[in-house]
Amino acid sequence: MPVGTEAQTGMETLAPYEQLVQSGKLVAIGELAAGVAHEINNPLFAILALSEFLLKELEPGSRPYERAELIHTTGLEIKEIVRGLLDFARESSDERSALSLDDVVRQTVDLVRRTNMNKGIQIVETYEPVMIDASGSQLKQLILNLLGNARHASPDGGEIHVSVGREGADAIVIVADDGPGVDAAVRERIFEPFFTTRRYSGGTGLGLSIGLGIAQAHGGSLALVDEGPGATFVLRLPTV
């Protein structure tokens, strides 16, 4: 599963103090997500129970039945989103274990598909089973950031290609979009902490620098490579 050409490596990672601050923010966000998810679950349970009760009373095929069925189906979709948030929040970012990289990426893509990040975007996936020793929570954070960047690169819609495989002794994750690509001046600074091209639209400039730190902490690398018309990021991690 070769990937090519002239990898752009990051030269700077977050300083220890900045890493500590960012870790604290991530813990707080995880706790907030868990609290919000529990609060949503309470009224959601009532919606699902009542819609299921209505489906038993209404005549199948009738318009009222179809409306109740839509309510119930939408409620189940919300339930899956909440479950994904809870799973993400419950995982310890420090715990490492042998895990299937393709499962981690697939779960992250599924979470994105259930959120607003997926609108107008088609995600094309290719998976090869690969085992690594890693923190699932940290890898999900990294993949979510790469998918978010790819989404922002194609505001009018497009395709994001996600693939997981093996190259020699390395596990490889590739996330590629079909957006306009990355300017040379931006490429030189793309992994710098606090550098962002979306300063006035919510960008913090921390996503890729933290992602690079996560990759390096796992004995791997994160790079932007010259491949295709858009941006292609390659994550390399040692296999078990």
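See the values below:
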| read-out | value |
| --- | --- |
| Pairwise label distance in nanometres, Asp226 with Thr115, each label 7 Å out on the Cα-Cβ vector | 3.4 nm |
| Gain in span if fully extended, Val36 to Glu66, counting 0.36 nm per residue against the direct Cα distance | 7.8 nm |
| Accessible area, probe 1.4 Å, largest first, for residues Arg189, Arg67 | Arg67, Arg189 |
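The values are calculated or read from the model by the stated rules, or taken from the named source; none is laboratory data. Only a predicted model underlies this, so the values are computations on that prediction, with no experimental measurement involved. Heads up, the Cβs are rebuilt from the backbone with ideal geometry, glycines too, and the neighbour counts pull from every protein chain shown. SASA here: full protein model, heavy atoms, side chains in, ligands and nucleic acids out. Shrake-Rupley method; radii C 1.70, N 1.55, O 1.52, S 1.80 Å.
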